[in-house]
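Below is one structure, written out as structure tokens; comments come after it.
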Amino acid sequence: MELAYFFDTYAFIEIVKENKNYLSYVSDVKVITTRLNLMELHYILLRNLSKNEADFYYSLLLPFAVDISDDVIKKANELKLFYKKRKLSYIDCIGYVLAKMHGVKFLTGDKEFRDLDNVEFVK
């Protein structure tokens, strides 16, 4: 059975930085993400590396982006409200909800998600 994860932007950044703790998530893993996560990644790479790097990773990961339904948006807002003291981002809330809907773990190193169920927390 192939492993599958929802990759948040944090996970992609760590992979680009070649964080050894993320090596096992680079191959033989099904990737799920959204265009919003790719937007965040693209911006961070534009800021820290180059347009070529940003464009390369955006194009590479685009086939793994899933659509965001109205139901996902509503559930993400409920999650954000429930954990309002944690100041979760809208994009992360969408990703977390999508991970649950797709029956996969939410892959992140974001400390705000560390103790939530269905999270694969990697620093």
Condition met for Asp55 (surrounded by 11 or more Cβ atoms within 10 Å (Cβ to Cβ), in contact with a strand residue (DSSP E or B) (Cβ under 9 Å, 6 or more places away or on another chain) and not aromatic (Phe, Trp, Tyr)): no
3 or more residues without any contact (Cβ under 8 Å) to a residue 12 or more places away in the chain: qualifying helices (runs of 4 or more DSSP H) within region 1-92: 35-48, 51-61, 70-82
Ser50 vs. criteria more than 18 Å from the chain's Cα centre (by Cα), among the small types (Gly, Ala, Ser) and surrounded by fewer than 17 Cβ atoms within 10 Å (Cβ to Cβ): yes
Region 58-105: number of residues that are modelled with pLDDT of 95 or more and at positive phi: 1
Condition met for Glu78 (of a type in the set (D, E, K, R) and farther than 14 Å from Phe12 by Cα): yes
Qualifying residue in region 35-47 (condition: loosely packed, with under 12 Cβ neighbours inside 10 Å, under 13 Å from Tyr5 (Cβ atoms), over 14 Å from the mean Cα position of the chain (by Cα) and not β-branched (Val, Ile, Thr)): no
Hey, Ala76 aliphatic (A, V, I, L, M), crowded, with 20+ Cβ neighbours inside 10 Å and over 25 Å from Val26 (Cα atoms) or not: yes
Selection count, region 79-121, where residues are of a type in the set (Phe, Trp, Tyr) and surrounded by 17 or more Cβ atoms within 10 Å (Cβ to Cβ): 3
Selection within region 106-122 - of a type outside the set (A, V, I, L, M, F, W, C), in contact (Cβ under 8 Å) with a residue 24 or more places away in the chain and in contact with a helix residue (DSSP H, G or I) (Cβ under 6 Å, 6 or more places away or on another chain): Thr108, Gly109, Asp110, Glu112
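The values are calculated or read from the model by the stated rules, or taken from the named source; none is laboratory data. Here the structure is a predicted model, which means the values were calculated and not measured. A quick note on method: Cβ atoms are made from the backbone with ideal geometry, for glycine too, and the neighbour counts reach across all protein chains shown.
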